[in-house]
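The values are calculated or read from the model by the stated rules, or taken from the named source; none is laboratory data. Remember, it's a predicted structure, so these values are computed and weren't measured experimentally. Quick reminder, even Gly has a Cβ in these numbers, built from the backbone with ideal geometry, and neighbours come from all protein chains shown. What goes into the accessible areas is simple: the full protein's heavy atoms, side chains included, and nothing from ligands, DNA or RNA. Shrake-Rupley method; radii C 1.70, N 1.55, O 1.52, S 1.80 Å.
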Amino acid sequence: MTGYRLRELNPKVSAPTPRGATLIEALLAFAVTAAGLLALVRAHLQFDYAADVARQRGEAVRLAESDLEALRSFDLVGSPGSATDFDTITSTVTGDVEIAHANTSFRLQRQVTPAADGRHRVVSLQVEWSDRQNQAQRVTLRDLITRAAPALSGALALQAPPGTYAAVGGRHKSIPQRAADLGDGRSVFKPVESGTIAWVFDNQSGEITSSCTVPADRPSGRLAAADLAGTCTSVRGQLLAGTVRFNLRGATHRLADGRWVLKPVHPGGLAWILDDGPPARIISLCSVPPGTPAGALSAADLSACTRLDHPVAPFDAAGAAPPLTATDSEAPRWPALALHVRLDLDSSGHPAPATCLADSPASARAGAGAWQVDYACLIPVNADGRWSGRTTIEPLPYADAGIASWPIAAGADAYRVCRYAPSDATDLPDDAHPADYGRHAGTCSDGRAGCSGVTGNLSHQNFLVIAGTQACPTDHAADPAVGDFVNSNTVAHQP
């Protein structure tokens, strides 16, 4: 009885009800997945389409730029019948241009509109094509092509003609470009930017009107009228200015280890060490025995070397064997020697001698990277405003190379001075850099012919210092038709 009751009191345990996804739920999940996949496929197709159009657009731009460059490559002006003349730039249509991997063909249409004055033409290039969805696409480029002889583009590399400076802000053309306009009809110019002397020019006449003392740390471009107050002395002067360049090829000597040595001063205790690269460079400055000529130096003679890194050009590993040519005088980049420029006047009536200043390097270390020395001379005006005389280069010693200065002479361990001039004729015009100024018969103040003497300022009176074993390099008149835009002829000046 008791056991029966116990069995009656036990609750019944029901079996779990089976559960799972219904058909509708499965269909909904499939639909969501399919929609996502379709969206991904559609996005992929759009990206692929956009990439295809971008590739076609790039080809269209390249096609238009190629045609535009072909138009710019004309090499003649005013030559009817030539296929490469400027006048052949005309409107045209080019159809069905096939380009590999572009998946389409292009149609190029060129519209050329000549200017009324005939000096230029406006070019519009339109490239059309159909993409893979048959949608019309278009790229347009526009440009202006000037009717200028291509040979004249080389004029950008030309130096200004002798005796001229570009006029800036209405100032006289002979006032140096780096002179600062003071805004009161005057300009101020420091011949040596690290120095304390400044010259003031009249903007209309170009004449130097005063000489002033200014702070050494303030270059010409930062000077103002207030900096000159109370520091100036009135003068009436004319300007003579130029540059001394250097090409010391032939003064170098090869060491046994393949390096080159250049002793700027003999006797002197310093030498530059060069590596012929390419490109050739000054790599160090070393102490050497003062009494040993450069040609007798060896690697064992080099001591206390300090590192430098300055390019040298043009450089010839053959040393002094090949003579200097016009290329050597065009734009040489060799170390600058310490020097002073002297102007000896033989005209009379000047209230004072000429004063010349030069930004010469003070040390061999500074000279290694200087490449050129700019100079300027102030010539006090005499009664008739004309002067004559001769300039000479005077060697100076480096402060770090002993008391010796470099010699001007023919032969080894010496240097020659050449001047840039079209010839060595004695009757050269004064702005063409003659050996002696004021010998050319010019126009008198009253209009008569036959008066000699320099009037006004002279600039670009340039020199070239070369090895004493070399001759001054020569050149011929510039000929732009064959790509020669510079006459870099030089003639012997000292000795």
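Annotations
- In the range 122-154, the residues that are in a strand (DSSP E or B) and among the acidic types (D, E): E128, D143
- Pick from the range 92-121, criterion part of a loop (DSSP other than H, G, I, E, B) and under 30 Å from R132 (Cβ atoms), ranking: most open to solvent (accessible area, probe 1.4 Å): H101
- Here the range 250-262 is the region considered, the condition is being part of a loop (DSSP other than H, G, I, E, B) and closer than 13 Å to I282 by Cα, and the residue that is modelled with the lowest pLDDT is T252.
- Out of D374, D384, D359, sole residue that is farther than 23 Å from E330 by Cβ and among the acidic types (D, E): D384
- Selection from the range 67-89 of residues that are hydroxyl-bearing (S, T, Y) and surrounded by fewer than 11 Cβ atoms within 10 Å (Cβ to Cβ): S73
- Test: T490 is surrounded by 19 or more Cβ atoms within 10 Å (Cβ to Cβ), among the hydroxyl-bearing types (S, T, Y) and at pLDDT 90 or above: yes
- Matching residues, the range 252-266, being more than 18 Å from A313 (Cα to Cα) and crowded, with 16+ Cβ neighbours inside 10 Å: L255, V265, H266
Condition check ((1) in a strand (DSSP E or B); (2) touching a helix residue (DSSP H, G or I) at 6+ places or on another chain (Cβ under 7 Å)) across all residues:
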position	(1), (2)
P264	no, yes
G268	no, no
L274	yes, no
P279	no, no
I282	yes, no
L285	yes, yes
P290	no, no
A300	no, no
C305	yes, no
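- Residues that are over 18 Å from A467 (Cβ atoms), open to solvent by 20 Å² or more (accessible area, probe 1.4 Å) and not charged (D, E, K, R), drawn from the range 386-427: T392, L396, P397, A399, G402, I403, P422, S423, A425, T426
- Subset tally (residues that are charged (D, E, K, R) and either over 30 Å from C377 (Cβ atoms) or without any contact (Cβ under 8 Å) to a residue 60 or more places away in the chain (or both)) for the range 241-258: 2
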